[in-house]
Amino acid sequence: MVAIFMKTLCRFAALASVAAMAPAQTAPSRPTASAAKAQSPADIYGPLFQAVQQGHVFADGKTFVDAVPKRAAAAIMADYARTRPAGPALKAFVLANFVVPGENDRGSGDLRSHVRALWPQLVRQPVAPVAGSSALPLPAPMSYRAGASAKSITGTAISRCSG
């Protein structure tokens, strides 16, 4: 009986993965008015954007494009027009006014502190299974792993926590 269930489950999983990869059969959508009016960072920040890109403030030309402003664009541009920072001052200005991926988008703590803070969310403590539940008796705390190599038939995998 278990073998039949597992075979059926595997077939269902295979069909679901094929269905997920198939393109959706929908009518082409038309751009909305807000999408047509959307401005790029180059449009919004004009001379600031140009100075950052031409000055190679960041190693990757896409970094500033992905930056998120900390306040209104008009206020940022007014301060930029007033101060016209250059060189290291330009980078400092950008970091003060934007959250820049890979630059100032992390907390002030180190990686070890960050992982320690997340650990309770990543580890599942052993539970005493209740009759009729799907809980498994675990011999020790377990952590969930993600990624293609860790997935099992049920879609998750667990590993024993050491240390």
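Every residue, every condition in (1) modelled with pLDDT of 80 or more; (2) over 30 Å from residue 45 (Cα atoms); (3) open to solvent by 70 Å² or more (accessible area, probe 1.4 Å), yes or no:
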| position | (1), (2), (3) |
| --- | --- |
| 98 | yes, no, no |
| 113 | no, yes, no |
| 136 | no, yes, yes |
| 144 | no, yes, yes |
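Evaluation of residue 108 against the conditions (1) open to solvent by 100 Å² or more (accessible area, probe 1.4 Å); (2) closer than 30 Å to residue 53 by Cα; (3) at pLDDT 80 or above shows that the sole unmet condition is (3). Scanning the stretch 115-134 for residues that are among the β-branched types (Val, Ile, Thr) and over 30 Å from residue 65 (Cα atoms), we see that the one that is least open to solvent (accessible area, probe 1.4 Å) is 123.
Need at least 1 residues that are under 30 Å from residue 139 (Cα atoms) per element, so show me which helices (runs of 4 or more DSSP H) inside the stretch 70-127 make the cut, counting only ones lying wholly within it. Don't jump to the end; show me each part of the working.
Numbers: elements: 73-83, 88-97, 111-122.
Because the criterion is at least 1 residues that are under 30 Å from residue 139 (Cα atoms), the helices (runs of 4 or more DSSP H) in the stretch 70-127 that meet it are 111-122.
The values are calculated or read from the model by the stated rules, or taken from the named source; none is laboratory data. Being a predicted model, the structure only gives us computed values, none of them experimental. Accessible surface areas use protein heavy atoms only, side chains included; no ligands, DNA or RNA. Shrake-Rupley method; radii C 1.70, N 1.55, O 1.52, S 1.80 Å.
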